[in-house]
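No value in this document is a laboratory result; all are computed from the given coordinates. Because the structure is a prediction, the values reported are computed rather than measured. A quick note on method: Cβ atoms are made from the backbone with ideal geometry, for glycine too, and the neighbour counts reach across all protein chains shown.
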Amino acid sequence: MAWAIVIFGAAVRPDGQASPSLGRRVGYGLAAARAAPRDLVFCSGGVGRFGPSEASVMAGLLTRDGIEPARIVLDEASCDTLQNVVAAAGFVRARDLEGAIVCTDGFHVPRARMLFAALGVATRAGPVSRGRGGAPFAAWLAMMAREAVAYPYDWAIVMRRRRELRALISVDATLDTMGTGRQSASESSSSA
């Protein structure tokens, strides 16, 4: 059975290019997509401080590196990790997939996988670099500190809202099967 390769967003630079963190995450997703050529790639990330959306920047990098646009699905509405997971979980359910292959920075993987598990979606860690993954030490340390706070915070939110979020995933799945859900990268570029 197929899995969804889920790439989590990160900042886009003022010039519209991927930040180093977003570039690393796309690299992990690219490696996963090459290893599983039939799996769809779910790019999750809305417009942050600078446009375009994180998901559209990811799609551009993936297609540049040979991933077929028809395999790429854009979630341009999610603006944080919990929203990314809820959107991706809805997609996994709508397509009746096995689960999600989590492609993000190593420090972020445990929280993302915990949120998927709380929503009843199986996960596997994608190909992630060990240690800092090329991130500067100060940036890595800051993100580790952020995760130390964000993990219990998101856990508390998802536990409190678990029924609501699971119902939302089921509704998302119904909408997606009716053709009103997410766009593929090829649909997105043809409507632009």
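Assuming R0 = 41 Å, can you tell me the calculated FRET efficiency for the pair SER19 and ARG163, based on Cβ-Cβ distance, to the nearest 0.05? It would help to have the intermediate numbers written out before the result.
Details: r = 36 Å, r/R0 = 0.87.
Approximately 0.70, to the nearest 0.05.
Place a label point 7 angstrom from the Cα of ALA11 along the Cα-to-Cβ direction, then list the residues of region 118-155 whose backbone nitrogen is under 11 Å away.
139
Over the chain, calculate the relative contact order: mean separation of alpha carbon pairs under 8 Å at least 6 apart, over the residue count, as a percent.
Relative contact order here is 25 percent.
Which net charge results for the neighbourhood of PRO37, defined as the other residues with beta-carbon distances under 14 angstrom from its beta-carbon, given Lys and Arg at +1 and Asp and Glu at -1? Could the numbers behind the result be given before it?
On the way: positive: ARG34, ARG38, ARG71; negative: ASP39, ASP65, GLU68.
Around PRO37, the surrounding residues sum to 0.
For region 4-185, what is the percent of antiparallel DSSP beta bridges, rounded to the nearest 5? Intermediate results must be reported in sequence, preceding the final value.
Numbers: 3 of 19 bridges.
Taking every DSSP beta bridge with both residues in region 4-185, the antiparallel ones total about 15 percent.
Quick check: from the Cα gyration tensor, does region 1-56 come out rounded (a/c under 1.5), prolate or oblate?
Taking the square roots of the gyration eigenvalues as a ≥ b ≥ c, region 1-56 is prolate.
If exposed means no more than 10 neighbouring beta carbons inside 10 Å and the site is in a DSSP loop, what's the longest run of the chain without any exposed trypsin sites (Lys or Arg not before Pro)?
Details: sites that count: ARG38, ARG49, ARG130.
Here the longest segment lacking exposed loop sites spans 50-129.
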